[in-house]
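Peer 1: Sending over a structure as structure tokens; questions will come in a sec.
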Amino acid sequence: MIQNKFILLIVTWCACVSAASLNAATIPAGTTLTVSTVSLISSQTAPGRSFEAKIAKDVSVKGNVVLKAGTKAFGKVTASRANPRKSGPLTVELDSVDLNGRRIPVKTNSIQPGGPPQTARQAQYGHTAGTTVVNPQTTLQFQLAAALNL
């Protein structure tokens, strides 16, 4: 009886491992991830602060969709005007995607979003003149710097 339970346990474990490997995929380095921002980002945002985005287009590998549009993605500000020691243009990168409740680390290139600088009139309403603002629902494209194992 104990031997039958042990065999059943091993068979169940093997089935789980093989099912997981069927769902596993590797997205190669150089693949473009197109995201749509959820949160506002500006050149006044401190470096290190994170922002939320969503994958805007399905990502396929060998004809199979491995990362669906709408998947949550998270990034961080790597440089901005808010850094008192080294002020620079707004620069962001992705650092993770949320897949089935798991945050999977991602390594992408850094980009400088090309949002239009705010005018002096907009500065009157709370934005600093010359501030670059990336509004929610702005599309950004990042390239994977390293393969992403899902």
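Peer 1: Have a look at V61, V106, V66 and point out the one that is aliphatic (A, V, I, L, M), under 16 Å from A147 (Cα atoms) and more than 17 Å from the chain's Cα centre (by Cα).
Peer 2: One residue alone meets the criteria, V61.
Peer 1: In region 44-65, what residues are within 17 Å of I27 (Cα to Cα), surrounded by fewer than 18 Cβ atoms within 10 Å (Cβ to Cβ) and either free of Cβ contacts under 8 Å to residues at least 12 places away in the same chain or not basic (K, R) (or both)?
Peer 2: D58, S60, V61, K62, G63, N64, V65
Peer 1: Which residues, counting only those in region 89-103, are over 15 Å from Q143 (Cβ atoms) and either under 16 Å from the mean Cα position of the chain (by Cα) or surrounded by 14 or more Cβ atoms within 10 Å (Cβ to Cβ) (or both)? So that I can check it myself, show each step before the final result.
Peer 2: We begin by selecting, within region 89-103, every residue over 15 Å from Q143 (Cβ atoms); these are 89-90, 96, 98-103.
Selection gives L90, S96, D98, L99, N100, G101, R102, R103.
Peer 1: Let me ask another. Looking at region 98-133, which of its residues are of a type in the set (A, V, I, L, M) and at pLDDT 90 or above?
Peer 2: L99, I104, V106, I111
The values are calculated or read from the model by the stated rules, or taken from the named source; none is laboratory data. Being a predicted model, the structure only gives us computed values, none of them experimental. A quick note on method: Cβ atoms are made from the backbone with ideal geometry, for glycine too, and the neighbour counts reach across all protein chains shown.
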